[in-house]
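The values are calculated or read from the model by the stated rules, or taken from the named source; none is laboratory data. All figures in this text were calculated on a predicted structure; none of them were measured in a lab. Glycine also receives a Cβ, built like all others from the backbone with ideal geometry; neighbour counts cover every protein chain displayed. Just the protein is used for accessible areas: all its heavy atoms, side chains included, with ligands, DNA and RNA removed. Shrake-Rupley method; radii C 1.70, N 1.55, O 1.52, S 1.80 Å.
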Amino acid sequence: MVDQRFGAVTLIDFATDLLAKAGLPSDRATIVAETLVEGDLLGHTTHGLQLLPLYLDATAKGAIQIEGEPTIVSDRGSAITWDGNWSPGPWLLRKAMDVAFERVRDHPVVTFVIRRAGHIGCLAVYPRVAAERNMMMILSCSDPSVAIVAPHGAVEARFTPNPIAAGWPTEKEPVVFDVCPSMTTNGMVARTSRLGGRLPGRWLIDRLGNATDDPGALRTKPAGAIMPLGGKDLGHKGFAFGLLVEVLTGALGGFGRADKTDHWGASVFMQIIDPSAFAGIAAFRREADYLAQSCRTAVTAPGDAAVRLPGERAHNLRLQQLCEGIKLHNEILPAISSWAEKYRVAMPSPLSAQSE
């Protein structure tokens with residue numbers, strides 16, 4: 001297959017046009033499109049434009065609200081809770097970040113909880129923005145309408161993969177991570193299943209308690225589940241972190257699994273920390289950079305590559321793809337084509353075609 005690459009701006013314009021045709025106001029459509037394309041730039045191909053058909057479908061069906069503002073549930077200056085009213089998740093989160101960046105001038109730590117938000121996309125996108133402002137961000141989310149991860153010791157799902165992301169500045173590129181306290185994600189299992197493959201490891205558990213790499217274990221009746229991070233041996237650790245995310249998002253926000261919702265979306269916890277309010281940004285960057293360099297220079301086994309910091313590969317890939325174009329996963333554009341046809345939006349042209 002030809003290695004086609006697409007300009008980031010081309011893909012953003014394409015996704016914005018589709019989202020606007022589906023009903024989103026142009027400003028919200030642009031933020032959602034930029035967030036999805038940023039996910040692909042960072043190499044998170046299951047959480048970039050792969051999500052666009054789901055967003056378009058939810059918007060067309062009214063599951064994502066196209067207008068209106070979030071409702072303030074509580075506001076104590078440094079602690080804010082919003083009801084997102086199912087507005088587009090990326091738009092809500094960027095709006096919350098703008099408020100947090102303003103508030104952090106007066107409050108060294110600003111914490112936001114958003115309930116009933118639309119899906120927020122790739123979490124790794126957001127901490128980079130904070131790090132570029134010399135801030136630290138901690139971000140997590142859950143979806144109370146979905147259960148696909150089993151508690152440790154169980155074969156039945158009770159919660160979502162519950163990603164945790166964070167980012168902070170150093171003297172060079174920021175350190176950013178986006179990980180799940182589960183062995184894999186719903187998106188990866190779904191893609192592997194669609195392509196008829198097997199997972200790289202035995203990350204799932206079937207109803208008989210067997211660890212398996214077969215994504216079909218989640219389609220049986222009754223279904224198996226994704227195991228918490230650590231698997232059958234050390235899954236109590238991933239289970240604990242998964243529970244932490246549930247209470248940071250659902251319990252603090254006052255809306256979660258006890259409400260038995262079937263509305264696809266997100267419960268969000270976001271915290272912005274200003275290092276300048278503690279020992280100072282210079283001291284923070286000095287220590288963060290020393291630690292990063294210390295890890296990079298740690299001795300590895302003969303023949304192994306040097307240590308790579310969290311987010312380092314994504315940072316380099318982003319810079320490369322901004323210059324050379326984004327390489328989309330093979331199933332992404334075919335999945336979007338029917339929406340492009342429906343809304344009469346031309347499919348994006350690859351960079352090679354644009355230069356001819």
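Some observations on this one:
- By the Kirkwood approach, averaging reciprocal distances over each pair of separate Cα atoms, region 96-255 gets a hydrodynamic radius of 16.8 Å.
- At the residue level, Val109 shows approximately 50 square angstrom of accessible surface with a 1.4 angstrom probe and all protein chains present.
- Projected over every direction and averaged, the convex hull enclosing the alpha-carbon atoms of region 236-338 yields 13.2 nm².
- Cross-link partners for Lys21 among the lysines, with Cα-Cα distance under 26 Å and sequence neighbours closer than 8 places in the same chain left out: Lys61, Lys95, Lys327, Lys342.
- For region 296-338, the gyration tensor built on C-alpha atoms gives a prolate shape. Its axis ratio a/c (a ≥ b ≥ c) is at least 1.5, and a/b is the larger of a/b and b/c.
- Direction-averaged projected area, Cα convex hull, region 27-100: 5.4 nm², rounded to one decimal.
- Against the rule of thumb 2.2 N^0.38 Å, how large the Cα Rg of region 105-171 comes out: 1.39
- Value of Rg/Rh across the chain [Cα atoms, Kirkwood radius]: 0.96
- For region 16-56, the C-alpha radius of gyration divided by 2.2 N^0.38 Å, with N the number of residues, is 1.08.
- Think of the chain as a dipole: +1 on every Lys or Arg Cβ, -1 on every Asp or Glu Cβ, centred on the Cα centre; then among Phe6, Gly224, Ile80, Gly224 lies furthest on the positive end.
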